[in-house]
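The values are calculated or read from the model by the stated rules, or taken from the named source; none is laboratory data. On a predicted model such as this, the values are computed, not experimentally measured, just so you know. For neighbour counting, all protein chains shown are included, and Cβ atoms are generated from backbone atoms with ideal geometry for every residue, glycine included.
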């Protein structure tokens with residue numbers, strides 16, 4: 001029986017393994033992760049870099065009842081494997097299978113759904129305060145990535161934690177920094193020394209004794225603390241965290257299990273906020289991922305031997321947008337593109353190389369990105385903010401207050417709109433129409449083809465008002481007609497928004513074979529509704545059907561209903577879209593089929609509604 005099978009069968013086995021066995025266990029887990037991600041896709045480089053660290057945490061702490069919070073969750077695969085999900089891991093990111101992010105519905109070991117950066121310190125501090133109020137001794141550990149240090153919420157959490165002085169271990173998993181062997185050894189020995197229980201007890205006793213000395217006790221105590229701080233400053237870069245009120249330790253080698261287990265063991269009983277700086281290597285143990293970690297952050301299925309993708313798809317909407325931006329920037333010196341740690345996902349690498357002075361990647365700081373764009377717009381530049389739908393919602397107030405209230409011509413490119421599939425509930429882009437529609441002065445587009453996407457982008461850059469363009473992750477047809485069917489006087493009008501317009505055309509074809517009078521129209525503008533759509537809505541209809549890859553609450557269908565109500569029309573409207581719920585992971589096609597958002601499903605819903613109206 002393999003070590004991994006033994007650990008899966010009895011979680012206490014991990015506590016008994018020798019150092020050599022822990023290292024062998026790490027290799028078993030590494031091979032399993034590579035094998036499954038090569039087949040299913042997923043987050044590879046970040047998970048390979050966190051294997052030893054996660055093993056050490058589970059070796060020292062007991063999870064649950066101790067609590068481990070990840071920030072963000074794309075480094076949690078080893079944690080899942082070590083918490084009774086090793087066999088289920090084979091279903092990673094598949095419909096009905098294991099989520100690629102922490103998921104409380106799967107296991108008590110996953111405390112929060114975690115897919116957005118910056119949340120762990122605040123969440124873990126809340127857990128610590130709660131455990132204290134309940135008189136519990138369970139320990140709380142937050143593992144944050146270095147990317148989270150560009151996020152303002154992390155610093156808000158660290159500031160509060162340092163001021164509160166609550167017991168919490170924050171582990172900074174730093175896979176961007178390099179650490180020399182000499183410096184790493186010195187840092188490790190210093191960390192081991194100052195965290196050793198014997199030294200910690202003596203230090204506490206010394207502090208108590210010094211405070212009892214009249215007049216000079218406090219001065220001696222300050223001198224001792226300054227000496228410790230100055231000594232650490234010679235070796236470690238943690239002064240900033242110390243100023244926030246956290247005890248900074250490290251950096252130490254995040255792949256050295258002996259160091260990790262020893263230091264974490266020492267830290268179990270320290271009753272103050274601690275930040276342990278651990279240096280790891282993305283893609284550790286798999287050469288293609290080590291050499292090109294950016295290519296193995298989020299991947300589809302690939303060939304393990306070469307690291308090459310198994311499938312080569314055609315141009316994505318992201319690639320089309322990036323190319324269009326390059327063309328515009330070549331003759332418009334005012335165009336500036338901003339993003340929040342999504343350069344590769346948005347396929348903007350070529351733009352950043354060609355126009356480096358007009359490309360700004362601000363890190364995981366969406367709110368800052370939007371407000372920065374408002375400043376650029378104020379002086380006459382044309383900023384384009386490109387961010388995934390699920391992350392743009394984090395900057396709602398900045399869009400509202402800093403851009404739209406000011407009437408500034410910022411263009412928002414809302415990538416990954418609609419169903420994103422395998423990344424699941426934390427990443428679905430199915431709410432942007434709803435939250436953006438609430439903001440005054442913001443024009444909102446949802447193109448239905450690549451050609452139409454280019455047209456919308458050019459239009460938004462010509463106009464001097466705030467605007468947003470949403471488009472899906474993987475597919476839009478190159479071009480398509482704007483309408484299909486029985487024409488102006490059709491009894492049933494199907495309005496297919498953006499990415500689902502093509503499916504509406506298919507539905508219209510199916511319905512016409514049943515002798516229904518149906519017209520399907522591709523719609524690319526949500527707010528305000530175009531004059532053409534308004535004209536069509538005011539025609540004599542037995543039924544209007546809206547179809548969108550967005551929540552049915554507050555989206556395109558809601559806009560149509562609002563307009564008809566304003567016009568005092570009683571035309572029946574069937575709103576088809578995604579549910580008012582959080583949609584789990586799975587292939588996009590399967591999710592759309594589940595909710596009837598494909599040609600045959602749309603046709604069936606229309607036929608049922610029309611039949612019901614006729615019987616009424």
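So, in segment 113-142, exactly how many residues are more than 19 Å from the chain's Cα centre (by Cα) and under 14 Å from residue 170 (Cβ atoms)?
Looking only at segment 113-142, we keep the residues that are more than 19 Å from the chain's Cα centre (by Cα), and these are 125-141.
Next cut, under 14 Å from residue 170 (Cβ atoms) only: 125-128, 139-141.
Residues that pass the stated criteria total 7.
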TODO: For residue 522, indicate whether it is touching a residue at least 60 places away in the same chain (Cβ under 8 Å), more than 14 Å from residue 607 (Cα to Cα) and assigned to a loop (DSSP other than H, G, I, E, B).
DONE: no
Task: Positions within segment 3-38 being in contact with a strand residue (DSSP E or B) (Cβ under 9 Å, 6 or more places away or on another chain) and in contact (Cβ under 8 Å) with a residue 60 or more places away in the chain, in sequence order - done: 37, 38
Open item on the list: For segment 235-268, which positions are surrounded by 18 or more Cβ atoms within 10 Å (Cβ to Cβ), modelled with pLDDT under 90 and assigned to a helix (DSSP H, G or I)?
Closed with: 241
TODO: Kindly check whether there is at least one residue in segment 410-422 that is assigned to a helix (DSSP H, G or I) and in contact with a helix residue (DSSP H, G or I) (Cβ under 8 Å, 6 or more places away or on another chain).
DONE: no
Open item on the list: Go through (1) out of contact with any strand residue (DSSP E or B) (no Cβ under 7 Å at 6 or more places or on another chain); (2) at pLDDT 90 or above; (3) in a loop (DSSP other than H, G, I, E, B) for residue 138 and report which single condition fails.
Closed with: (1)
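For segment 467-517, please list each of the strands (runs of 3 or more DSSP E) lying entirely inside it that holds at least 1 residues being touching a strand residue (DSSP E or B) at 6+ places or on another chain (Cβ under 7 Å) and over 30 Å from residue 398 (Cα atoms). Before the answer, list the steps.
On the way: elements: 467-470, 483-485, 492-497.
In segment 467-517, the matching strands (runs of 3 or more DSSP E) lie at 483-485, 492-497.
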TODO: Look at residue 423 and say whether it is within 14 Å of the chain's Cα centre (by Cα) and not assigned by TED's automatic domain parsing to the domain that holds residue 504.
DONE: yes
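How many of the residues making up segment 548-590 are in a loop (DSSP other than H, G, I, E, B) and closer than 23 Å to residue 472 by Cα?
Taking segment 548-590 as the starting set, the residues that turn out to be in a loop (DSSP other than H, G, I, E, B) are 552-555, 567-572, 579-587.
Right, trim to closer than 23 Å to residue 472 by Cα and you get 552-555, 579-587.
Summing the residues that are in a loop (DSSP other than H, G, I, E, B) and closer than 23 Å to residue 472 by Cα in segment 548-590 gives 13.
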- [ ] Tell me, yes or no, whether segment 339-349 has at least one residue that is more than 23 Å from the chain's Cα centre (by Cα), over 16 Å from residue 173 (Cβ atoms) and either at pLDDT below 95 or surrounded by 20 or more Cβ atoms within 10 Å (Cβ to Cβ) (or both).
- [x] no
TODO: Tell me, please, whether a residue that is on the phi > 0 side of the Ramachandran plot and touching a residue at least 60 places away in the same chain (Cβ under 8 Å) can be found in segment 421-440.
DONE: yes
Task: Qualifying residue in segment 65-72 (condition: over 26 Å from residue 364 (Cα atoms), in the same structural domain as residue 283 (by TED's automatic domain parsing) and in a loop (DSSP other than H, G, I, E, B)) - done: yes
Task: Matching residues in segment 450-466 - criterion: being crowded, with 22+ Cβ neighbours inside 10 Å, without any contact (Cβ under 8 Å) to a residue 60 or more places away in the chain and not in a helix (DSSP H, G or I) - done: none
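Looking at this structure, is residue 49 within 24 Å of residue 168 (Cβ to Cβ), within 22 Å of the chain's Cα centre (by Cα) and either assigned by TED's automatic domain parsing to the domain that holds residue 129 or at pLDDT 95 or above (or both)? Before you say what the answer is, go through the steps one by one.
Details: within 24 Å of residue 168 (Cβ to Cβ): yes; within 22 Å of the chain's Cα centre (by Cα): yes; either assigned by TED's automatic domain parsing to the domain that holds residue 129 or at pLDDT 95 or above (or both): yes.
Yes, satisfied.
Just to check your reading of the model, which residue among 511, 564, 576 is crowded, with 23+ Cβ neighbours inside 10 Å, in contact with a helix residue (DSSP H, G or I) (Cβ under 8 Å, 6 or more places away or on another chain), over 22 Å from residue 466 (Cα atoms) and without any contact (Cβ under 8 Å) to a residue 40 or more places away in the chain?
Result: 576 is the single residue among 511, 564, 576 that is crowded, with 23+ Cβ neighbours inside 10 Å, in contact with a helix residue (DSSP H, G or I) (Cβ under 8 Å, 6 or more places away or on another chain), over 22 Å from residue 466 (Cα atoms) and without any contact (Cβ under 8 Å) to a residue 40 or more places away in the chain.
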